[in-house]
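FYI, it's all coordinate maths here, none of it is from the lab. This is a predicted model, so every value here is computed, not measured. Here the Cβ positions follow ideal geometry from the backbone for every residue, glycine too, while neighbour counts run over all protein chains shown.
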Amino acid sequence: MKKSKKIIIILAFVVVTAVLLWMAQRLVMPKYQKGIIEGSMIEEYYGDKAPHEVVFIGDCEVYENISTVELYEKYGISSYIRGSAQQLTWQSYYLLEDTLRYEKPKVVVFNVLALKYNEPQSESYNRMSIDGMKWSSSKWNNIKASMTEDENMLEYIFPLLRYHSRWSSLTSDDFKYMFKKDLVTVNGYYMRCDVFAEMDFPPAPTLTDYTLGDNAMYYLEKMADLCEENGVKFVLIKAPTLYPYWYPEWDQQVQDFANSRGIDYINYIDIRDDIGLDMSQDTYDGGLHLNIYGAEKFADSLGEYLVANADLTDYRNDSEVNAMWEEKIQRYNDLREAQLLELEQYGELRSWGMNAVDN
Amino acid sequence: MEELLEILRDLHSDVDYDTCETLVDDRIIDSFDIISIVAEVDDRLDVSIPAEEIIPENFNSAKALWALIERLEND
Amino acid sequence: MLFTSYSFVLFVAAVLLLYYIVPRKFQWPLLLVASYYFYYCADTKGRYLLFITVTSVVTWICGIVMDKIGTEGDAYVKAHKADLSKEERKAYKAQVKHKKNMVLLLSLLITIGILAVTKYTNFVITNINSFLKPGNAIRAMDIIVPLGISFYTFQAASYLIDVSRGTIKSEKNFFKMALFVSYFPQLVQGPISRFGDLSQTLYEPHKFELNGFGRGLIRILWGYFKKLVIADRIMIAIKPMITITDKYFGTYVFIAMLFYAFELYCDFTGGIDITIGISECMGIKLKENFILPYFSKNVKEYWNRWHITMGTWFTDYIFYPLSVSPRMLKLSKWSRSHLGDKLGKRVTVYLSCFLVWLATGVWHGAAWNFIVWGLANYVIIMVSQELEPLYAKFHGKFHLKDKPGYAMFEICRTIFIMSCIRLFDCYRNVPLTFKMIGSMFTKANLKVYVDGSLMELGLTAADYTVLVIGFIIVLGVGVYKAQTKKDVRTELSKNIPLFCLVCVLLVISVAVLGAYGNGYDSTQFIYNQF
């Protein structure tokens, strides 16, 4: 056999194997299109063409509580929420690093609840926060900082190794969304239109140590540094929801940190009433997260602060960006309508939420 | 040689020892047979075959075995 | 590094790459470094390395010394051929041999001594303790058992014995010796190579050959297929059956027995395929360790086909030397004259055979289970040996032997017998194993097959489907080889596109269907606070 023929055989073999493995990987990876959709959020960001002057980072207290459409419609703010379920502080930091590769927002808003966690927590949440990231040193470092004991870098590089056992429980969605997925959020906002009034929460348990973990604080510091280096205004918020508890001791430490760095920290729990939240109407799960009514109210208040404190562009006057937002608003309204219709029909949401079923 | 063939025929009467050259390779004789052969040769021909000589090449045919015995005798 | 770990796959990939990048004279030194690194990873405190190095040094020195004694002896005899009488020559040779044997004894005492002390001390202590009052019990010792020590010790021992016999020359280069003892692909589960075989290709420079590499690669993949897709999957069902014995008895023992027979075959031959395949990728030839063992018609034949390198080790280095030793020959003579020719002939064979199987059992593990297992093999082989005339008579009368169904019956019988005694490998202790085997015959509950109980062993219908297909493939490959005397791999390599296709399919099925990693289940997701 000629040498060139041999090389062609080897190359063809390697390429075909790699392509098939890649396809197998696409197939077995969870699609997060129905039910638990949080795993889709991080990757959706890369497809969004609009400029984002405000970027929110954090856990569900950002992606369920702030309506990005409301921010646009009322203030002309073009924003994006890079939120994911139980996003840990270092994950927020690396997502910020990642975001800065693509654009330089004017304001970055971080929700502080995640500071309560000082160590890697759970693989499922890690996966939902990280798998969607594009490859970069940020993703690598994010994985290294986030892995629990049983996890393995190689399984992040080749998710097939992690998810291969799903082969026997594949659904039609796995084939349908193998290469292209639907958007599950509107610029990172996860909409819920149902209403379930706030309940009484059990009393806050006493902690032995109220000091926020040094690892979490280290990454908070790094976020502040990174924003400073890039000339980005860094803002800390605590969303207005009461549970999980946000202890006054923690609040004080964050306040002290904000003061020392000269950055704004707004705890919206204290000013719940001022922003007009009615927790009998504005939450869908008994007060843990806001529904669309709450998220719009919270966005109103946030927008007011942002417009007053940062030099933001009113994109409603920019026809190109406005056209992009028109499309988003349309999707937002359609989604709301679909949810309201279902609520009317069944009295509850069936196609959304973690227990969503196929119709 | 006749004596040796007699020993071998006692073990397996149905084998043609004049022509067969794959006694071990084709598993016509097994390890138990080999031990019997060594014991018989020691007994009847007064030649002791040491363990290191028990290799297929020496036991694959009656001829090879006889050559081995002669070699050991003259050594 | 287990064969099925990510790190092993990466390690092998790196070694293969480097092997063809470094100048060819550094290929075998690279393997030595890789083997020592592999061994270091198994125990980062370096204790394993210490043990294997000691064995290598002792083997190396004693080999050279024995070689020197032998060469000098031969030279002396040659030089004085004229002036020595035959008797004198014999006496001198005996003297040389005695000297060599002393060195051999010393070296074996050290190498096998290390094996014995590390592997069996606590077993001996436990057994002594069972005779002592609880208060007087000896404390078990904290001894580590170095990875693969049974294999590399046997390999070193075979080298030492071969050198003392003069069948091979000693290796002068210590590093080559160290590589022979530690060559990493065969460190964990064999095959047990002989220096005379392995040294022919181990130290040679090898040019990259696509054909050889491809053949090696497909063999590795086939090994992983058997190990990960079949063996590790079926193990999930075996585990509960052999541990929860008060629930899984009777028919379950039979199922566990068959499952384990399939599991062990795939696991062991798969591992050997990986070992031989890696070696083939580097142009190194290893001896085959299995030749379709489950197509054996009797237990003796089975042992000529299963774990062959171990079997021949015991035959060549224990069974033969023992059987033809002067003392045994004397015993043979005595027994023949006292017990009659027929019975007398067998006494020595039976005695050496007993010792060999005892040793085989002990070698497999420091537990009574293995000893009883070894002796069970012995009993079966001896009984069938005794029954042979009876069989011959039977066949003379009924002519069943020529019927195709009869060969099938013999094969099934052998599989059943071997699988049955292999249960000693499964259950906690010897009495329990006997009890479980007994329950297989007395407490059979055939409903188990149909009432869905098999679904409760941890395997889903999808898993069983994979296992059935895997079984068909493995069986098909075996039958093809048995029928045509041709190797599937060799036939495949005649058609390059097909060969590549099979490789790709193996990669995909191992990656997707392999029973490795934590089972990811999105239903495990806990939606607590968020």
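Brief remarks on what is shown
- Amide H to amide H, with H built 1.01 Å from N, A:Ser136 comes under 5 Å of no residue 5 or more places away or on another chain.
- Look at the dipole of segment C:309-447 built from charges on Cβ: of C:Leu322, C:Tyr391, C:Val356, the Cα furthest out on the positive end belongs to C:Tyr391.
- Fully extending the segment from C:Lys330 to C:Asp43 would add 98.4 nm, taking 0.36 nm per residue of separation and subtracting the current Cα-Cα distance.
- Near A:Ile237, the amide H atoms lying under 5 Å from its own belong to A:Phe110, A:Asn111, A:Val112, A:Ile266; only residues 5 or more places off or on other chains count, and H is placed 1.01 Å from N.
- Mean sequence separation of contacting Cα pairs (under 8 Å, at least six apart), scaled by the length of chain C, corresponds to a relative contact order of 17 percent.
- Separation between Cα centres of segment C:250-266 and segment C:441-455, rounded to whole Å: 14
- Computed from the C-beta positions of C:Ile318 and A:Ser169, the FRET efficiency with R₀ = 45 Å rounds to 0.30.
- Residue-wise HN-Hα coupling along segment A:238-247, computed from phi with Karplus coefficients 6.51, -1.76, 1.60 (Hz; x: Gly, Pro): 10, 4, x, 7, 8, 10, x, 4, 10, 6
- Size of charge dipole - the protein assembly as shown - debye, nearest 20, with Cβ of Lys, Arg +1 and Asp, Glu -1, no other charges: 5540
- Given +1 at the Cβ of Lys and Arg, -1 at the Cβ of Asp and Glu and no other charges, the dipole of segment C:334-479 around its Cα centre is 560 debye to the nearest 20.
- Förster radius 35 Å - calculated FRET efficiency between C:Leu446 and C:Val479 (Cβ-Cβ, nearest 0.05): 0.80
- Under the combined filter of DSSP loop state and at most 11 neighbouring Cβ atoms within 10 Å, segment C:118-218 retains these chymotrypsin sites (Phe, Trp or Tyr not before Pro): C:Phe131.
- Distance from the C-alpha centroid of segment A:30-101 to that of segment B:52-74: 84 Å, rounded to the whole angstrom.
- Residues of segment C:164-178 with amide N under 19 Å of a point placed 7 Å along Cα→Cβ from C:Lys285: C:168-169
- In this structure, the amide hydrogen of A:Ile81, modeled 1.01 Å from its nitrogen in the peptide plane, lies closer than 5 angstrom to those of A:Phe56, A:Gly188, A:Tyr189, counting only residues at least 5 positions away or on a different chain.
- The order of A:Met1, A:Met128, going from fewest to most other C-beta atoms within 10 Å of their C-beta, is A:Met1, A:Met128.
- When both bridge partners sit in the protein assembly as shown, DSSP labels roughly 10% of those beta bridges antiparallel.
- FRET efficiency estimate (nearest 0.05) - Cβ-Cβ, C:Lys239 to C:Val488, R0 35 angstrom: 0.65
- Counted without the sites themselves, the longest stretch of chain A free of trypsin sites (Lys or Arg not before Pro) in a DSSP loop having at most 12 other beta carbon atoms within 10 Å is A:181-359.
- Here the simple spin-label model places points 7 Å from the Cα toward Cβ, and for C:Lys247 and C:Ala91 these points are separated by 7.6 nm.
- Maximal additional length on extending the A:Lys3-A:Met153 stretch stands at 50.3 nm, based on 0.36 nm per residue less the C-alpha distance.
- Span-like helix ranges in chain A, DSSP H, alpha carbon extent 18 angstrom or more, Kyte mean at least 1.6: A:3-28
- Within segment A:305-359, GluC sites (Glu not before Pro) in DSSP loop having at most 12 other beta-carbon neighbours inside 10 Å: A:Glu348
- Restricting attention to segment C:309-447, lysine pairs at least eight places apart or on different chains and with alpha-carbon atoms under 27 angstrom apart total 12.
- Simple spin-label estimate for A:Asp300 and A:Asp182 in nanometres, 7 Å along Cα-Cβ: 3.1
- Rounded Å value of the spacing that divides the Cα centres of segment A:292-336 and segment C:104-172: 77
- Each Lys and Arg contributes +1 and each Asp and Glu -1, all at the Cβ; summed about the Cα centre of segment B:2-74, the dipole is approximately 100 debye.
- Qualifying trypsin sites (Lys or Arg not before Pro) for segment C:439-487 [loop in DSSP, other Cβ within 10 Å: at most 15]: C:Lys443, C:Lys485, C:Lys486
- When the listed pairs C:Lys45/C:Lys119; C:Lys176/C:Lys285; A:Lys139/A:Lys297; A:Lys233/A:Lys297; B:Lys63/C:Lys100 are checked against a 26 Å cut-off, the alpha-carbon distance exceeds it for A:Lys139/A:Lys297; B:Lys63/C:Lys100.
- With the simple spin-label model, which puts each label point 7 Å out from Cα in the Cβ direction, the C:Leu343 to A:Met199 separation comes to 8.6 nm.
- Karplus-derived 3J(HN,Hα) values for segment C:114-121, using 6.51 cos²θ - 1.76 cosθ + 1.60 with θ = phi - 60°, are 4, 4, 5, 5, 5, 8, 10, 3 Hz; glycine and proline are entered as x.
- Net length available on complete extension from C:Lys133 to C:Glu388 is 87.0 nm, with 0.36 nm assigned per residue and the Cα-Cα distance removed.
- Listed by Cβ neighbour count within 10 Å, with the fewest neighbours leading, A:Leu88, C:Leu390 appear as C:Leu390, A:Leu88.
- Here the Karplus curve 6.51 cos²θ - 1.76 cosθ + 1.60, taken at θ = phi - 60°, turns the phi angles of segment A:195-203 into couplings of 10, 9, 4, 4, 9, 6, 8, x, x Hz, with x standing for Gly and Pro.
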